[in-house]
Each structure stands twice: as structure tokens, then as C-alpha cells.
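Okay, so here's the structure we're looking at.
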Amino acid sequence: LMGIFYEVSLSVFVFVTLILGGLGAYLTGRAIAITWRPLWTLVWFTFLLTFFIRFIHFALFDGTLLTVQYFIVDFVVLLAITYIGFRITRTNQMVTQYSWIYKKAGPFSWREKA
């Protein structure tokens with residue numbers, strides 16, 4: 001799996017992409033939901049965040065800066081985490097702000113009250 005998902009080592013991938021990038025991605029999704037922006041804006045902001053994460057891999061850990069394969073892997077991982085942050089926040093917004101209409105159906109969704 002070393003050649004497919006991570007470039008330098010698993011610990012670098014976990015620290016930079018999953019911990020640092022994941023925290024940034026979660027907060028990005030949360031910020032997009034709080035400001036009531038549409039879902040498609042996740043893609044643009046995650047794209048920018050992925051460039052930053054690739055730069056950290058390059059500058060601190062001797063990874064390559066512009067590699068399509070690792071950029072796509074980082075982008076997909078960060079996009080999933082961004083979406084999770086977005087959905088959790090949007091669900092809490094909907095059930096809090098419109099409590100007379102909606103109730104929580106899980107951590108990622110809401111439904112109409114009967």
C-alpha cells in the first residue's frame with residue numbers, strides 16, 4: 001500500500017493528512033455549513049486545503065509537491081472529512097433552528113416531525 005496511498009511513511013500520512021489536514025477539513029466543512037453556503041463549495045475549499053497539505057508533505061518530509069496520484073488520495077480523504085463536518089453541523093443547524101419542523105434522524109440527517 002505504500003506506493004498507492006502514502007509516499008514517505010504511514011506515520012507522516014497519518015500525522016499530516018489525517019490529523020492536521022483532517023482537522024482543517026472538518027473545520028472547513030463546519031464553516032461552510034455555518035455560513036449556509038451550498039454543498040458544492042466544499043470541493044473548492046477542499047481543493048485549496050489539499051494544496052496546502054501537499055506543500056507540508058513537500059516542505060517538511062521530502063515528499064513530492066505536484067504528484068497527481070498523492071494529490072488525488074489526499075483530496076479524496078480530505079473531501080470525505082470535510083463532508084462529515086458539513087453534514088454534522090448542518091444537521092445540528094436544522095434541528096436547532098427549525099425545531100418545530102425537524103428532528104434528528106442520526107448524526108448526519110434530519111427528518112420531519114410526525
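Look at Leu23 and say whether it is part of a helix (DSSP H, G or I) and either in contact with a helix residue (DSSP H, G or I) (Cβ under 9 Å, 6 or more places away or on another chain) or more than 14 Å from Leu78 (Cβ to Cβ) (or both). Spell out the reasoning first.
Values: part of a helix (DSSP H, G or I): yes; either in contact with a helix residue (DSSP H, G or I) (Cβ under 9 Å, 6 or more places away or on another chain) or more than 14 Å from Leu78 (Cβ to Cβ) (or both): yes.
For Leu23, the condition - part of a helix (DSSP H, G or I) and either in contact with a helix residue (DSSP H, G or I) (Cβ under 9 Å, 6 or more places away or on another chain) or more than 14 Å from Leu78 (Cβ to Cβ) (or both) - is met.
If the requirement is being assigned to a helix (DSSP H, G or I) and of a type in the set (A, V, I, L, M), which of these qualifies: Val8, Val76? Break it down stepwise before answering.
Working: Val8 fails: assigned to a helix (DSSP H, G or I).
Sole residue among the options that is assigned to a helix (DSSP H, G or I) and of a type in the set (A, V, I, L, M): Val76.
Taking interchain pairs and intrachain pairs at least six residues apart, which have beta carbon atoms under 8 angstrom, with the first residue in segment 69-92 and open to solvent by 40 Å² or more (accessible area, probe 1.4 Å) and the second of a type in the set (Lys, Arg) and modelled with pLDDT of 95 or more?
Short answer, once both residue conditions are applied: Ile88/Arg30.
Of the conditions (1) at positive phi; (2) touching a Gly at 6+ places or on another chain (Cβ under 7 Å), Asp62 clears all except one; give me its number.
So the condition that Asp62 fails would be (2).
Given the conditions (1) open to solvent by less than 90 Å² (accessible area, probe 1.4 Å); (2) under 11 Å from the mean Cα position of the chain (by Cα), and given that Gly3 satisfies all but one, which numbered condition is not satisfied?
Checking Gly3 against (1) open to solvent by less than 90 Å² (accessible area, probe 1.4 Å); (2) under 11 Å from the mean Cα position of the chain (by Cα), the one that fails is (2).
Find all pairs meeting these conditions: Cβ atoms under 8 angstrom apart; at least six residues apart or on different chains; first residue within segment 6-33 and over 17 Å from Phe45 (Cα atoms) and in contact (Cβ under 8 Å) with a residue 60 or more places away in the chain; second residue open to solvent by 70 Å² or more (accessible area, probe 1.4 Å) and of a type outside the set (D, E, K, R).
From segment 6-33, no pairs qualify.
With respect to Arg54, is the statement that it is touching a residue at least 12 places away in the same chain (Cβ under 8 Å) and either open to solvent by 60 Å² or more (accessible area, probe 1.4 Å) or not in a helix (DSSP H, G or I) (or both) true?
On the way: touching a residue at least 12 places away in the same chain (Cβ under 8 Å): yes; either open to solvent by 60 Å² or more (accessible area, probe 1.4 Å) or not in a helix (DSSP H, G or I) (or both): no.
No; evaluated as a whole, the condition is false for this residue.
Just to be sure before I move on: is Trp100 of a type in the set (Phe, Trp, Tyr), under 13 Å from the mean Cα position of the chain (by Cα) and surrounded by fewer than 18 Cβ atoms within 10 Å (Cβ to Cβ) in the structure I sent? Show your work before the answer.
Values: of a type in the set (Phe, Trp, Tyr): yes; under 13 Å from the mean Cα position of the chain (by Cα): no; surrounded by fewer than 18 Cβ atoms within 10 Å (Cβ to Cβ): yes.
Here the answer is no, as Trp100 does not meet what is asked.
Do the conditions hold for Ala59, that is, is it aliphatic (A, V, I, L, M) and in contact with a Phe, Trp or Tyr (Cβ under 9 Å, 6 or more places away or on another chain)?
Details: aliphatic (A, V, I, L, M): yes; in contact with a Phe, Trp or Tyr (Cβ under 9 Å, 6 or more places away or on another chain): no.
So Ala59 does not fit the description; no.
The values are calculated or read from the model by the stated rules, or taken from the named source; none is laboratory data. Keep in mind it's a predicted model, so treat the numbers as computed, not measured. Cβ: placed from backbone, ideal geometry, glycine included. Neighbour counts: every protein chain shown. These accessible areas exclude ligands, DNA and RNA; they are computed on the full protein's heavy atoms, side chains included. Shrake-Rupley method; radii C 1.70, N 1.55, O 1.52, S 1.80 Å.
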